[in-house]
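Inspection log for the structure reproduced underneath, given as structure tokens.
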Amino acid sequence: MRVAVFAGSSSGVGRQYREAAEDLGRSLARAGVGVVYGGAHVGLMGAMADAALAEGGEVVGVIPRSLVEWEVAHGGLTDLRVTETMHERKALMAELSDGFVALPGGVGTLEELFEVWTWQHLAIHAKPVALLDVAGFWTPLRAMLGTMVKSGFIKPHYAETLLVTTDAAQLLTAFEAWTPPDLKWEGDVAP
């Protein structure tokens, strides 16, 4: 099993985000779960990868050539795959992974999260998608999703497919218990 981890290329303000990233990397490695991530040595991405590697875990980085040229690629991974574009990067990460989790991050993390969550709803994949909520980081996003549900843009049962955990142990338990949702329009389209 492999889990794709979406995370910030910066470490954020405060030690709690880096500690959570390191804990996730260690916990996945100890559980025998491989990591697929964006391939960089910087920020939460690098901290998570280093922690998994230090525990003997498999860490597969997937990075576009332009970021390799900017010298942000991690040099010590189990496997580093270089793509030509960001689109190829995300597709390969999804292909190599059995589930997805987002640590705190910026717009890139959000974009990756929402793309794989959308793919889940469209049955492009049948894999769990989760937030690792560190110190309430994802609370505002969860509130926005609640507003989308109340406004009729997301059905409640689709919103519930986004798992929310606060630590790596919860994440692994949630992934084990997860079942794929119904197809997006199954029973939703009026005759």
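The values are calculated or read from the model by the stated rules, or taken from the named source; none is laboratory data. Everything numeric in this text was worked out from a predicted model, so none of it was measured. Note: ideal-geometry Cβ built from the backbone for every residue, glycine included; neighbour counts use all protein chains shown.
State the number of residues belonging to the range 4-27 that are assigned to a loop (DSSP other than H, G, I, E, B), among the aliphatic types (A, V, I, L, M) and within 15 Å of A51 (Cα to Cα).
Just the residues of the range 4-27 that are assigned to a loop (DSSP other than H, G, I, E, B), to begin with: 7-14.
Checking which are among the aliphatic types (A, V, I, L, M) leaves us with 7, 13.
Narrowing the set further to residues that are within 15 Å of A51 (Cα to Cα) leaves 7.
Residues flagged as assigned to a loop (DSSP other than H, G, I, E, B), among the aliphatic types (A, V, I, L, M) and within 15 Å of A51 (Cα to Cα) within the range 4-27 amount to 1.
Yes/no per residue for (1) surrounded by 15 or more Cβ atoms within 10 Å (Cβ to Cβ); (2) at pLDDT 95 or above; (3) not charged (D, E, K, R):
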| residue | (1), (2), (3) |
| --- | --- |
| A54 | no, yes, yes |
| V60 | yes, yes, yes |
| G76 | no, yes, yes |
| V82 | yes, yes, yes |
| L92 | yes, yes, yes |
| G105 | yes, yes, yes |
| Y158 | yes, no, yes |
Please work out which one of (1) more than 16 Å from the chain's Cα centre (by Cα); (2) surrounded by fewer than 18 Cβ atoms within 10 Å (Cβ to Cβ); (3) not in a loop (DSSP other than H, G, I, E, B) is the condition L110 fails and give its number. (1)
So V116 fits all but one of (1) of a type in the set (V, I, T); (2) at pLDDT below 95; (3) surrounded by 16 or more Cβ atoms within 10 Å (Cβ to Cβ); what number is the exception? (2)
Does G105 meet the test of being in contact with a helix residue (DSSP H, G or I) (Cβ under 6 Å, 6 or more places away or on another chain) and not in a helix (DSSP H, G or I)? no
Output the residue which, of all residues in the range 122-141 that are over 19 Å from R18 (Cβ atoms) and under 16 Å from the mean Cα position of the chain (by Cα), is surrounded by the fewest Cβ atoms within 10 Å (Cβ to Cβ). A126
